[in-house]
Amino acid sequence: MATKFLSLACIRNESSSSSGSRGGLSPRPHYPSMPKYPKGVAVQQNAMEGSETKSLFSVVGMTCSACAGSVEKAIKRLPGIREAVVDVLNNRVQVLFYPDFVNEETIRETIEDVGFEASLIQDESNERSTQVCRIRINGMTCTSCSSTVESALQAIQGVQKAQVALATEEAEVYYDPKVIGHNQLLTAIEDTGFEAILISTGEDMSKIDLQVDGVRTDNSMRIIEESLEALPGVQAIDLYPELNKISLSYKPDMTGPRTFINVIETTGVSRRFKAKIFPDGGGGKGTHRKEEIKQYYRSFLWSLVFTVPVFLTSMVFMYIPGPKHGLETKVVNMLTVGEILRWVLSTPVQFIIGWRFYSGSYKALRHGSANMDVLIALGTNAAYFYSVYSVLRAATSPHFKGTDFFETSAMLISFILLGKYLEVLAKGKTSDAIAKLMDLTPETATLLTLDEEGNVVNEEEIDGRLIQKNDVIKVIPGTKVASDGFVIWGQSHVNESMITGESRPVAKRKGDTVIGGTMNENGVLHIRATRVGSESALSQIVRLVESAQMAKAPVQKFADRISKFFVPLVIVLSFSTWLAWFLAGKFHGYPESWIPKSMDSFQLALQFGISVMVIACPCALGLATPTAVMVGTGVGASQGVLIKGGQALESAHKVNCIVFDKTGTLTVGKPVVVNTRLLQNMVLAEFYELVAATEASFFSVNSEHPLAKAIVEYAKKFRDDAENPSWPEVKDFVSLTGHGVKAVVRNKEIIVGNKSLMLNENITVPMDAEDILKEAEGQAQTGILVSIDGEVAGVISISDPVKPGAQEVISILKSMKIRCIMVTGDNWGTANSIAKEVGIEVGKDTVIAEAKPEQKAEKVKDLQTSGYTVAMVGDGINDSPALVAADVGMAIGAGTDIAIEAADIVLMKSNLEDVITAIDLSRKTFSRIRLNYIWALGYNVLGIPIAAGALFPSTGFRLPPWIAGAAMAASSVSVVCCSLLLKYYKRPKKLDKLEIHHGGTGVATPTAVVVGTRVGASQGVLIKGGQALESAYKVNCIVFDKTGTLTVGKPVVVKTRLQQNMVLGYFYELVAATKAVVWNKEIIVGNKSLMLNENIVVPMDAEDILREAEGQAQTGVLVSIDGEVAGVISISHPVKPGAQEVISILKSMKIKCIMVTGDNWGTANSIAKEVGTYTVVAGA
């Protein structure tokens, strides 16, 4: 009836809109009969498509499809409308139109003319119509759970893609923020019966939580909120007054956390508010995992408290005469003391400790699915309630003597809890890679304040999370770089192995970029921060690895398909098993001797049925793929190989053909001038002066052109002002794309380019130049002709050297039965020479030269058509079409820019051997997935028949339900542990030999050097190659510096002796002042020689104090006020803990120990005695 009334109301609504102004609606509009596009526009359609505009309108009052139809019809009658889509459920209309013919206001008025209220929704996220939301989901136990949640999310309008990972217990949802919000996603998950916690949304560029102390009223919190909202760049503020917590989302380009803290602390008249980073301790994945482990551990321990007595009373004490008599004592009719005890003890296990299984079953069944909890609940309930029936029957009957199974239900729950505890413990270790990456960020940083001239005026130690864009950070040796940025002062070597996997430290000087989380080794650097918070390379790597672990491998679909019918099938098999054994016993289908003395045929059949139900394990199948993918991608990240999910892993293991780009992949990618041949009599410096001036003009236009850059860099060698050379003035500059450049320099026409450019300019190329060009191509070099005033004056040969180890990599790939092909945009001569050098067979099918980007992609598709699984290895920029077309795209050299959308695998280093590592790791990971599936399926295929009693007739062996439950729990743990073995992955040994070619060694063998340096690094000792190892092996004498080496390096004041009557605070106020004259008093602070030079008498008391200080390994500092010694300050450098023991051990190794210092002899001798060094050099 209500439906009919709604339809009538809607019809009345339409009729009123077509018959005049009724009920407050607008008069009937006039709809001219017009085509979809305006008259005369058909021929311009292609031109118009580029000027389309999309607008979204909110429409109030639509109730059914008839309303939607009238709105859509009205809009489409307007000129210039391409498409109109009406969403009745969300009261929205999306219109695609051509603004040359119609505007948004006209469309809005047309909707209102139909009789509905319309307003334009301002599109605040034009640049991003899709957002990504990550949600933690608590309570999932098997693949059926994750499939249920995934299906619920994908059914929501506005959700474009949803991935739910059982192993990580997270969901990644791609959704349209205009249609749905993340709160609705959380509600949808909670409706399926699981707890949902928001981790992040695409709205948050950067987010930080602050703790605010001193807030006493709600009004104070509102004042703080208003102050923060006024800041530019603040996107959202969430208040948690009960925690004194404020969460801010902001744009790091415009503001930052230090600004927020400053605003909070300066808010209000009293300025009583204090702000700091909110302490960690809740909400993180690691915290949740620890809490989950604790919960399972506590539940297991409590279950043991009740289950152990149940086990003892049913299976141990029954065979001991004394306890047996007590337990068999009858209470009422046939009811015994033992049965009452077992009932009382097993009930808390069944209904309190085991409540999680009831809850999980209800949630699953409510949504039409069945999971592992259903099997456990059915199995334990069958055992428990049959036992209750048996006990009640015994209590009411003087003759009934039954057997209870209370120990079955209690022990079953206990063993399953033990298995879940071990499983979550093991699953936690699968995400160690992400935890290690996140731990790389240093906790503190040294912030520098610079004046207008760039001089340091202040240093301040701050929390590492408070760094903002454009801050200048000081990085001292032995500390981590706090943020991505570039060096503005200093030079050093930085160990980037923790980010890129590159084991050798990288030299850094002014202008070089650095990555946050890397280790500075031997110099002080001043760094300007460029990317902070979520924009940093480390954060991007973490996000990429997390996304990779979320992405399902196609092979996972196999487990998903099985999970849909696995539990129902097991329930059917369990019931069938019970029925078959029960009927066989009822009709004497087997000898009565088969039935144990303590049971009847019904009870035997029941035990077989319960065993079948609880031994089946859907969890092992669900965990087989995601755990292996998690560990594999984590191991890859630690090796500098970022694998974007299961799809990439699965495709990479099948690769049998690799297409290599040449420049920057097989070659270094940095061309250099290797030879110059002059064909006219002129000075080489003058020649390069003219050429460089021409090329510099081109370089200023196209700074990324590698050949122009190489020539200009080489020409600088002939200049005194090499840093900032001033080239001659250039006139009439012309760039000829793909050929070269020409210009007038010093009234001479200069043309620099290839042979075709010279011929086009009617310049004759002499035979000598032709020969030089052929020779250059034969040596894998690019020949460039230079013409001066219409005559060829010289030939410049430019080479892009082959990467070290490229030949060996190609050789190893061939031994792995992988075909290698090279594509390049370079000429055929150079291409063939490079191919020969690296070991790729020269032929029309294996070397493709002068190829454009789209031709590279076509070659990849041709190979796929021929049946190859193709990987494309390139730099991710010019090769992006081929990277997308390939089955696996590998991007080379993405050290700080890992967001390469085209690639499936990102190789953080520029080393070619990582191609082999990626393929080998994918093969190892996939073989582990296969092994997991074999184990999980094999376990169920073998376990279910044994539990059903398949061996019982022939061997008398049956599987009690509690043992079946233990076996089920063990299967999940074993699958996770099998995946965890991937953590010990070692890349192919052949690659270790390649690593040595980069650095060279002394006597030490390559294997020993690699193992030695890696073990050293794991112990915190960085050994720079085999030469250092060899020299260290021979050491028989060690010279120690004192300050900072044998001592802690942080001096502290230990004693102050005043020589004048004054307050100690006043004394230190004078000493601490930076000026020489304080309050009209002349202050001199220094050693004894300074006092004597200033003609200040050092009294005997002060002399004694100085000697006493030296005897105690302290430094005595004299303080003079107005020409008289006023006090002596004793400063100590404490000896490092363990220094004495280290010196002693070194002496036992026959190594001589010497100490050198710039300190005085007294202090030096005291320190030497304390640590046990006998040879001392002081005042050095």
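The values are calculated or read from the model by the stated rules, or taken from the named source; none is laboratory data. Computed from a predicted structure; not experimentally measured. Virtual Cβ from ideal backbone geometry, glycine too; neighbours counted across all protein chains shown. Note: areas computed on protein heavy atoms with side chains; ligands, DNA, RNA excluded. Shrake-Rupley method; radii C 1.70, N 1.55, O 1.52, S 1.80 Å.
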Q: Search the stretch 304-323 for residues that are touching a residue at least 24 places away in the same chain (Cβ under 8 Å) and open to solvent by 50 Å² or more (accessible area, probe 1.4 Å) and pair each with any residue that is assigned to a helix (DSSP H, G or I) and acidic (Asp, Glu) when their beta-carbon atoms are under 8 Å apart and the residues are at least 6 apart or on different chains.
A: Phe311/Glu407; Met315/Glu407
Q: Please go through the stretch 941-971 and pick out each residue that is free of Cβ contacts under 8 Å to residues at least 24 places away in the same chain and within 20 Å of Ala624 (Cβ to Cβ).
A: Val941, Leu942
Q) Tally time: how many residues in the stretch 771-825 are among the polar types (S, T, N, Q) and open to solvent by less than 10 Å² (accessible area, probe 1.4 Å)? A) 3
Q) Which number in (1) open to solvent by 10 Å² or more (accessible area, probe 1.4 Å); (2) in contact (Cβ under 8 Å) with a residue 60 or more places away in the chain; (3) of a type in the set (Ser, Thr, Tyr); (4) in contact with a Ser or Thr (Cβ under 8 Å, 6 or more places away or on another chain) marks the one condition that Ser206 misses? A) (1)
**Q.** Hits in the stretch 894-922 (condition: modelled with pLDDT of 90 or more and open to solvent by 10 Å² or more (accessible area, probe 1.4 Å))
**A.** Asp920
Q: Among what's in the stretch 861-886 and is in a loop (DSSP other than H, G, I, E, B) and of a type in the set (Val, Ile, Thr), pick the residue that is surrounded by the most Cβ atoms within 10 Å (Cβ to Cβ).
A: Thr869
Q | Test: Phe406 is without any contact (Cβ under 8 Å) to a residue 12 or more places away in the chain, touching a Phe, Trp or Tyr at 6+ places or on another chain (Cβ under 9 Å) and either closer than 23 Å to Arg298 by Cα or of a type in the set (A, V, I, L, M) (or both) | A | no
Q. Looking only at the stretch 1103-1128, which residues are within 14 Å of Asp1159 (Cα to Cα) and among the aliphatic types (A, V, I, L, M)?
A. Leu1106, Ala1109, Ala1113, Val1117
Q: Would you mind listing the helices (runs of 4 or more DSSP H) fully within the stretch 751-860 where at least 3 residues are without any contact (Cβ under 8 Å) to a residue 60 or more places away in the chain, small (Gly, Ala, Ser) and out of contact with any Pro (no Cβ under 6 Å at 6 or more places or on another chain)?
A: 828-838
Q. For the subset of the stretch 259-285 comprising residues that are modelled with pLDDT of 80 or more and open to solvent by 50 Å² or more (accessible area, probe 1.4 Å), which member is farthest from Ser227 (Cα to Cα)?
A. Lys276
**Q.** Candidate set: the stretch 590-600, residues that are surrounded by 13 or more Cβ atoms within 10 Å (Cβ to Cβ) and modelled with pLDDT of 85 or more; chosen: the one farthest from Ser387 (Cα to Cα)
**A.** Tyr590
Q) Among the candidates Ile1131, Ile1083, which residue alone is open to solvent by less than 60 Å² (accessible area, probe 1.4 Å), among the β-branched types (Val, Ile, Thr), more than 30 Å from Cys1153 (Cα to Cα) and outside any loop (DSSP other than H, G, I, E, B)? A) Ile1083
Q: Would you check which residues across the stretch 1159-1178 are assigned to a loop (DSSP other than H, G, I, E, B) and open to solvent by 60 Å² or more (accessible area, probe 1.4 Å) and list them?
A: Tyr1174
Q. Of the residues that make up the stretch 822-840, is at least one within 23 Å of Arg677 (Cα to Cα) and β-branched (Val, Ile, Thr)?
A. yes
Q. All but one of (1) without any contact (Cβ under 8 Å) to a residue 12 or more places away in the chain; (2) part of a helix (DSSP H, G or I); (3) over 28 Å from Ala382 (Cα atoms) hold for Leu980; which doesn't?
A. (1)
Q: Please give the helices (runs of 4 or more DSSP H) falling wholly within the stretch 283-363 in which 2 or more residues are among the polar types (S, T, N, Q).
A: 285-311, 337-348
Q: Consider Thr441 carefully, then state whether it is modelled with pLDDT under 80, part of a loop (DSSP other than H, G, I, E, B) and open to solvent by less than 50 Å² (accessible area, probe 1.4 Å).
A: no
Q: Have a look at Tyr389, Tyr421 and point out the one that is open to solvent by 10 Å² or more (accessible area, probe 1.4 Å) and within 52 Å of the chain's Cα centre (by Cα).
A: Tyr421
Q | Filter pass, Ser651 being out of contact with any Phe, Trp or Tyr (no Cβ under 6 Å at 6 or more places or on another chain) and surrounded by fewer than 16 Cβ atoms within 10 Å (Cβ to Cβ) | A | no
(Q) Being small (Gly, Ala, Ser) and crowded, with 20+ Cβ neighbours inside 10 Å: is that true of Ala171 here? (A) yes
Q: Would you confirm whether any residue within the stretch 717-724 is surrounded by 14 or more Cβ atoms within 10 Å (Cβ to Cβ), more than 20 Å from Val792 (Cα to Cα) and modelled with pLDDT of 70 or more?
A: yes
Q.
Can you pull out every residue in the stretch 1086-1108 that is open to solvent by less than 100 Å² (accessible area, probe 1.4 Å) and of a type in the set (Lys, Arg)?
A. Lys1088
Q) Just checking, how many residues over the stretch 675-698 are over 47 Å from the mean Cα position of the chain (by Cα), part of a helix (DSSP H, G or I) and surrounded by fewer than 23 Cβ atoms within 10 Å (Cβ to Cβ)? A) 5
Q: State which residue is modelled with the lowest pLDDT when the search covers only the stretch 48-86 and only residues that are of a type in the set (S, T, N, Q) and open to solvent by 30 Å² or more (accessible area, probe 1.4 Å).
A: Ser51
Q | Yes/no for Ser1144 being modelled with pLDDT of 80 or more, small (Gly, Ala, Ser) and outside any helix (DSSP H, G or I) | A | no
Q. So how many residues does the stretch 364-380 have that are open to solvent by less than 70 Å² (accessible area, probe 1.4 Å), in contact (Cβ under 8 Å) with a residue 24 or more places away in the chain and in a helix (DSSP H, G or I)?
A. 8
Q: Output the number of residues of the stretch 951-976 satisfying the condition of being part of a helix (DSSP H, G or I) and open to solvent by 60 Å² or more (accessible area, probe 1.4 Å).
A: 4
Q) Quick one: would you say Val542 is under 28 Å from Ala482 (Cα atoms) and at pLDDT 80 or above? A) no
